[in-house]
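What follows is calculated from the coordinates using simple rules that are stated; it is not laboratory data. These figures come from a predicted structure and were not determined experimentally. Cβ placement follows ideal geometry from the backbone for every residue including glycine, while neighbour counts extend to all protein chains displayed.
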Ligand SMILES: Cc1cn([C@H]2C[C@H](O)[C@@H](COP(=O)(O)OP(=O)(O)O[C@H]3O[C@@H](C)C(=O)[C@@H](O)[C@H]3O)O2)c(=O)[nH]c1=O
């Protein structure tokens, strides 16, 4: 497993070691000891799985304290642009976004600490998306930021005419009006 520090503090790209053979391949998608040895001390308590078609944009989501969530995310099938926005007020990259392509081909995972809004867009025909969370889902603590907030200027790589966005996600506040505490 390789761990790559991004330009945002504590936001890490993980490249699991892949064992290919005549049957296909094997990889460890999560190993607590290995994560700990690389300084990733997370107590994951919920696993989520979603399926999305081309053009879907989900996000940008987060939960308020005491329900904030760190997430370890990956695309099991297909290709996405995964996006996070740093909402940690004390962070030098507060308000900055980071985007990365995650796909079944590149096998990358993103380790997102608490204090970030998260979303992704779907570039392939179908995507199976899987992630671990270190805090449980809480409906009342759920918050969002508008995915197309011009201040954030995120390139989702999906033309507007193809974008499929839930009513909820179309109506989140802009970054400047969002409430956050972690
Ligand atoms: C996230 C979540 C949703 N749900 C329910 C609520 C709702 O009826 C249905 C669909 O929820 P959503 O539309 O919020 O699903 P979705 O848009 O896929 O939400 C997810 O988006 C990505 C980007 C994230 O970062 C995740 O943390 C999560 O917020 O599933 C749960 O029961 N548990 C959960 O943990």
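Based on Cα contacts under 8 Å between residues 6+ apart, the chain shows a relative contact order of 29 percent. Pairs of alpha carbons in segment 13-98 separated by more than 20 Å make up 53% of all such pairs.
How long are the semi-axes of the equivalent ellipsoid of segment 136-181, taking √(5λ) for every eigenvalue λ of the Cα gyration tensor, in whole Å from largest down?
Semi-axes, largest first: 21, 14, 9 Å.
Note that the chain carries a Kirkwood radius of 16.8 Å, evaluated over its alpha carbons pair by pair.
Divide, for segment 60-101, the radius of gyration over alpha carbons by 2.2 N^0.38 Å, where N is the residue count. Intermediate results must be reported in sequence, preceding the final value.
Working: Rg = 12.2 Å, N = 42, 2.2 N^0.38 = 9.1 Å.
For segment 60-101, the normalised Cα radius of gyration comes out at 1.34.
In this calculation the C-beta distance from residue 65 to residue 4 is compared with R0 = 25 Å, giving a FRET efficiency of 0.30. By the Stokes-Einstein formula, at 0.890 mPa s and 25 °C, segment 28-71 with its Kirkwood radius over alpha-carbon pairs has D equal to 184 µm²/s. The ellipsoid that matches the Cα gyration tensor of segment 1-61 has semi-axes, each √(5λ) in whole angstrom, of 22, 21, 14, with the longest given first. Spacing of the modelled spin labels on residue 166 and residue 31, each 7 Å from Cα toward Cβ, amounts to 3.5 nm. With Cα atoms defining each centre, segment 127-164 and segment 103-118 are spaced 12 Å apart in the structure. Here segment 101-142 is treated as a sphere whose radius is the Kirkwood value from Cα pairs; by Stokes-Einstein at 4 °C and 1.567 mPa s it diffuses with a coefficient of 102 µm²/s. Its relative contact order, with pairs defined as Cα atoms under 8 Å and 6+ residues apart, puts segment 22-112 at 25 percent. In this simple spin-label model, placing a label point 7 Å from the Cα along the Cα-to-Cβ direction at both residue 141 and residue 101 gives a separation of 3.5 nm.
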